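For reference, the structure I am asking about is given below.
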Amino acid sequence: MSAGPLERTAPAPASTARLVRRELHSSRAVPSVVVAVLLIAGCLLLLFEAVLKAVGDEPFLLDVEAAAVWLGTLPSGVPASLLGAASSLLLVVGGLLLLLAVLPGRRARYTIPNGRTAVVVDAEVVASSLARRARVAAGVAPEQVLVTVGRSTVMVQVRPTSGVPVDAEAVRAAVADDLRRSSVEPGPRIAVVIAESGVIGQ
Amino acid sequence: MNTTPRLLNRLVLGVVGLVLLALGAAGLALLAVPAVAAWWRTAAPRAGEAVDGLRTRTTLEGQADTWLWIALAAALVFLIVMLVVWIAAQGRGRTGLFAPGGTSGALRPRGEDGNGAAAGSVTITAAAAEQALKAALLERSDLAGASVSTWQVRGVPGLRVRVYPRKGVPPYVVAVEVSRLVEALDAVTGSRPPVLVSIGSGTRVRFTRPERVD
């Protein structure tokens with residue numbers, strides 16, 4: 001439907017792919033801001049002490065020289081439990097920051113191919129749509145279906161109404177059809193679990 | 001779609017994490033490994049003497065203390081400025097222009113002769129495009145909410161459309177419908193910006209009733 005002149009300025013697929021990739025991964029903005037604020041606080045304190053030293057005033061909160069001396073005598077100047085706990089805390093925080101830096105940080109999102117736009121969908125929306133299809137296929141109330149969408153699997157749990165059997169294959173087919181129509185990438189595996197016991201009065 | 005420096009974020013987080021890991025490991029080693037504690041007992045005074053020597057050598061005539069304090073303060077000021085710049089760089093990239101008038105890629109109104117060489121240019125602000133698209137989106141009953149913003153994507157303005165469908169609405173239907181509206185906007189404005197459609201689920205959606213009519 002688009003006219004000829006419009007086609008020339010179509011966005012390159014590479015730029016769309018980049019948009020989608022950035023949308024599917026965390027930008028690490030929040031931990032960055034937290035780390036930056038903490039570093040700024042530490043730097044401000046050191047700056048203040050350095051300026052006081054430079055003009056020859058008394059230290060304000062932290063005596064830099066005393067701190068250095070304390071650091072030199074370290075294993076003895078402080079209770080072992082406190083030193084151990086503080087070191088462990090540093091290890092844990094450092095490990096977490098390193099993991100934040102190294103791990104891909106995938107968000108629970110999928111992409112749907114589209115000719116004009118780049119489309120990303122939260123896993124929750126996919127799950128909600130699948131739950132509706134599964135509910136219709138199983139003929140049960142919304143509360144009796146639980147759909148969990150993971151990175152590579154879709155788990156459909158159905159609690160049938162007592163005395164009314166649920167066709168697991170029909171549910172699977174409905175869910176597979178919905179997934180195929182949205183053609184989310186990467187395509188997940190489907191697991192349908194029908195509960196042994198039914199429920200009454202839903 | 002923002003220009004958050006993702007690589008820089010990860011680099012700085014990684015470096016800070018490594019430093020903290022090293023400090024923590026050093027503390028534990030001092031506590032648990034006698035050899036390390038013995039080494040530190042001899043190394044620390046030597047480091048202290050080295051620092052003292054440096055301070056006496058850098059203390060100017062008639063001054064009480066070393067000028068290194070001033071240098072340290074200047075370095076810290078520089079570091080603080082860099083950190084503030086780093087914070088400010090997060091989430092930037094919004095733009096107020098949807099289709100800037102002027103030279104390349106701009107919309108040119110057809111002149112009387114129809115050859116497109118008329119003087120003047122048309123500028124479309126981001127608010128115009130955003131409100132047009134948002135109004136069209138909010139007319140739909142299967143969407144609980146929508147927001148549209150304009151961002152600079154690789155030098156050209158691009159739209160970010162965030163829609164919140166009601167519970168149970170198939171995302172592929174929403175994707176197709178929103179893309180159709182975007183193509184209508186293309187036809188109206190005569191430009192074809194990159195568009196990102198983000199289909200999400202917010203707290204508002206969770207508390208609304210599911211759409212019951214297909």
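Bear in mind that the values in this text are calculations on the coordinates, not laboratory data. What you see is a predicted model, and the numbers here were worked out from it, not measured in a lab. All Cβ positions, glycine included, derive from the backbone under ideal geometry; neighbour counts span all protein chains shown.
With n ≥ 4 as the cut-off for DSSP H runs, can you work out [θ] at 222 nm for the protein assembly as shown, using -39500 (n - 2.57) per run divided by the number of residues, rounded to the nearest 500?
On the way: 14 runs with 218 residues, N = 416.
Taking each H run of at least 4 residues, the total per residue is -17500 deg cm²/dmol.
Compute the longest continuous run of chain B that contains no exposed trypsin sites (Lys or Arg not before Pro); treat a site as exposed when its DSSP state is not H, G, I, E or B and it has at most 12 other Cβ atoms within 10 Å.
B:111-211
Taking the Cα centre of region A:57-137 as the origin and placing charges on Cβ (Lys, Arg +1; Asp, Glu -1), which of A:VAL126, A:LEU71, A:VAL136 is farthest toward the positive end of the dipole?
A:VAL136
Going by how many other beta carbons lie within 10 Å of each one, how would you line up A:GLU58, B:GLU183, fewest first?
Ascending Cβ contact count within 10 Å gives the list A:GLU58, B:GLU183.
Using alpha carbons only, how many degrees (0 to 90, rounded to 10) separate the axis of helix A:123-138 from the longest principal axis of chain A?
30
Here's a follow-up. Mind running the shape call on chain B? Use the C-alpha gyration tensor, a ≥ b ≥ c as the square roots of the eigenvalues: rounded below 1.5 for a/c, prolate if a/b tops b/c, oblate otherwise.
It comes out oblate by the Cα gyration axes.
Expressed as an acute angle from 0 to 90° and rounded to the nearest 10, what is the orientation of the C-alpha long axis of helix B:68-88 relative to the principal long axis of chain B?
20
Please report, in debye to the nearest 20, how large the charge dipole of region A:49-202 is about its Cα centre when each Lys and Arg carries +1 at its beta carbon and each Asp and Glu carries -1 there. Let's see the in-between values first.
On the way: 14 positive and 14 negative charges, 219 e Å.
Charge dipole, region A:49-202, about its Cα centre: 1060 debye, nearest 20.
Given +1 on the Cβ of Lys and Arg, -1 on the Cβ of Asp and Glu, and no further charges, what dipole in debye does the protein assembly as shown carry about its Cα centre, rounded to the nearest 20?
Value, rounded to 20: 1200 debye.
How do A:GLU143, B:GLU61, A:GLU49 line up, fewest other C-beta atoms within 10 Å first?
The fewest-first ordering by Cβ neighbours comes to B:GLU61, A:GLU143, A:GLU49.
Calculate the mean, over all residues of peptide B:155-166, of how many other protein chain Cβ atoms lie within 10 angstrom of the residue's Cβ.
2
Test of understanding: ordering A:SER32, B:SER149, B:SER121, A:SER152 by Cβ neighbours within 10 Å, fewest first, what list do you get?
Numbers: A:SER32 25, B:SER149 18, B:SER121 14, A:SER152 9.
Listing A:SER32, B:SER149, B:SER121, A:SER152 from fewest to most nearby Cβ atoms yields A:SER152, B:SER121, B:SER149, A:SER32.
May I pose another question? Which one of B:ILE80, B:GLY93, B:SER179 has its Cα pushed farthest toward the positive end of the charge dipole of chain B, where Lys and Arg give +1 and Asp and Glu give -1 at the Cβ?
So the residue furthest toward the plus end is B:SER179.
Taking chain B as the reference, fit the longest principal axis to its C-alpha atoms, fit the long axis of helix B:34-57 to the helix C-alpha atoms, and give the angle between the two in degrees, 0 to 90, nearest 10.
90
Please give the average number of partner chain Cβ atoms lying within 10 Å of the Cβ of each residue in B:71-78, rounded to a whole number.
Mean number of neighbouring Cβ atoms from other chains: 5.
Which one of B:THR125, B:GLY200, B:GLY190 has its Cα pushed farthest toward the positive end of the charge dipole of chain B, where Lys and Arg give +1 and Asp and Glu give -1 at the Cβ?
The listed residue farthest towards the positive side: B:GLY200.
Could I ask something else about it? Using 7 Å Cα-to-Cβ label points, what is the A:ALA85/B:ALA50 separation (nm, one decimal)?
Placing both labels 7 Å along Cα→Cβ, they lie 3.4 nm apart.
Quick one: dipole size for chain B, taken about the Cα centre, charges +1 on Lys/Arg Cβ and -1 on Asp/Glu Cβ, in debye to the nearest 20.
Value, rounded to 20: 580 debye.
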